[in-house]
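The values are calculated or read from the model by the stated rules, or taken from the named source; none is laboratory data. Here the structure is a predicted model, which means the values were calculated and not measured. Here the Cβ positions follow ideal geometry from the backbone for every residue, glycine too, while neighbour counts run over all protein chains shown. The accessibility values were calculated without ligands, DNA or RNA, using every heavy atom of the protein model including side chains. Shrake-Rupley method; radii C 1.70, N 1.55, O 1.52, S 1.80 Å.
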Amino acid sequence: MAAYTVDKTIDCKGLSCPMPIIRTKKAVEELQAGEVLEVVATDPGSVADVKSWAVRTGHQFLGTVKEDGVFKHYIRKSHSDEVKTEKRFPYSASHDELMGKLKANPVILDVRESMEYAFGHIPGAKLVPFGKLEETIDQLRQHQNEDVYVICRTGSRSDMACQVLSEHGFTGVRNVLPGMAVWTGPTEKETK
């Protein structure tokens, strides 16, 4: 990346959502406006997560480079008048609430990566990795006015997904908290 200078690098290899974003937030706070942060990660979900976080907070996402299974994300810190307050999606559903609706076959979107989904997901949940959500919106339009439960591992990626869906006119979106990391309801696995 000879086109610009990296002012700080953080190592997020081996970490999964939400840790790369948590570390990115902290590192960006320590930079001066105009400085560039390099986030080194191995989680494929970080590709969409880091870009989405930067865009939603007003920082300049410069791009991602993949080298030997490692993702290097580049963010330039914006000036204070360009930074946006990070917002949380206001509507959520608890595990108990979702479990109470499972017999009615609700619309559940699992926005984790395909490998996470394969190792265990809520029966009937549709896999839509967060990084592919924007390109899948038209296919999801049939559910635009229904209750849609969105889940990820911890509630962070699903929060961003709920915001995207809401911005595209989906009216009944709910972020399932705290996510699959502590889900005790029924699960199923994908078989090869």
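Dipole of the range 58-100, Cα-centred, from +1 at each Lys and Arg C-beta and -1 at each Asp and Glu C-beta, to the nearest 20 debye?
Roughly 220 debye for the range 58-100.
Compute the distance in nm between two label points, each set 7 Å from the Cα along the Cα-to-Cβ direction, one at VAL55 and one at THR85.
Output for this residue pair reads 2.3 nm.
Quick one: which residues, 5 or more positions from GLY120 or on another chain, have an amide H under 5 Å from its amide H? H modelled 1.01 Å from N in the peptide plane, none for Pro or chain starts.
When sequence neighbours closer than 5 places are left aside, the close amide H contacts are GLU190.
What number comes out for accessible area per residue over the chain if the probe is 1.4 Å? Units Å², please.
I get 52 Å² per residue for this part.
Nothing charged except the Cβ atoms of Lys and Arg (+1) and of Asp and Glu (-1): what's the magnitude of the dipole of the chain about its Cα centre? Round to the nearest 20 debye.
For this selection, approximately 180 debye.
For LYS25 and LYS189, what does the FRET efficiency come to when R0 = 35 Å and r is the distance between their Cβ atoms, rounded to the nearest 0.05?
0.60
Treat every Asp and Glu Cβ in the range 1-68 as -1 and every Lys and Arg Cβ as +1, leave all other atoms uncharged, and give the resulting dipole magnitude about the Cα centre to the nearest 20 debye.
For this selection, approximately 220 debye.
What number, in percent, do you get for the relative contact order of the range 62-192 if the mean sequence gap of Cα pairs under 8 Å and at least 6 apart is divided by its residue count?
29
In nm, to one decimal, how far is the ILE137 label point from the ASP68 one, both placed 7 Å along Cα→Cβ?
Spacing of the two 7 Å Cα→Cβ label points: 3.9 nm.
Any chance you could give the angle, 0 to 90 degrees and rounded to 10, that helix 46-57 forms with the longest Cα principal axis of the chain?
So the inclination is approximately 80 degrees.
Counting only protein heavy atoms and a 1.4 Å probe, tell me what percentage of the chain's accessible area is made up of carbon and sulfur.
The value for the chain is 49 percent carbon and sulfur by accessible area.
What residue among PHE119, PHE71, PHE170 shows peak mean-square fluctuation when the chain is described by a Gaussian network model with Cα springs under 10 Å?
Highest fluctuation among the options: PHE119.
Got the relative contact order for the range 137-192 handy, in percent, Cα pairs under 8 Å and 6 or more residues apart?
41
Which number gives the lysine pairs in the range 79-192 that have C-alpha atoms under 28 Å apart and are eight or more places apart or on different chains?
15
Could you work out the local net charge near LEU15, counting Lys and Arg as +1, Asp and Glu as -1, over the other residues with Cβ closer than 12 Å to its Cβ?
Local charge sum for LEU15: 0.
Place +1 on the Cβ of every Lys and Arg and -1 on the Cβ of every Asp and Glu in the chain, take the dipole about the Cα centre, and give the residue among GLY63, HIS121, PRO44 whose Cα lies farthest towards its positive end.
Going by the Cα projections, it comes out as HIS121.
Add -39500 (n - 2.57) for each DSSP H run of 4 or more in the chain, then divide by its residues: what number comes out at 222 nm, to the nearest 500 deg cm²/dmol?
-8000 deg cm²/dmol
By how many degrees, between 0 and 90 and to the nearest 10, does the Cα long axis of helix 156-167 differ from the longest principal axis of the chain?
80
Give the label of the value calculated from the structure for Rg and Dmax of the Cα atoms in Å, choosing from (i) 17.3, 55; (ii) 16.3, 52; (iii) 17.1, 65.
(i)
If one takes the longest principal axis of the Cα atoms in the chain, at what angle in degrees, from 0 to 90 and to the nearest 10, does the Cα axis of helix 19-29 lie?
40
Amide H to amide H, which residues 5 or more places from LEU62 or on other chains are under 5 Å from it, using H placed in the peptide plane?
TYR74, ILE75, ARG76
Report the one residue of GLN144, GLY172, LEU98 whose Cα lies farthest in the direction of the positive end of the charge dipole of the chain (charges on C-beta: Lys and Arg +1, Asp and Glu -1; origin at the Cα centre).
Of the candidates, LEU98 comes out farthest on the positive side.
In terms of modelled amide H atoms, which long-range or inter-chain residues lie less than 5 Å from the amide H of LYS8?
VAL36, GLU38
Evaluate the relative contact order of the range 1-66 (contact order divided by residue number), counting alpha-carbon pairs under 8 angstrom at least 6 apart; express in whole percent.
That works out to 36 percent.
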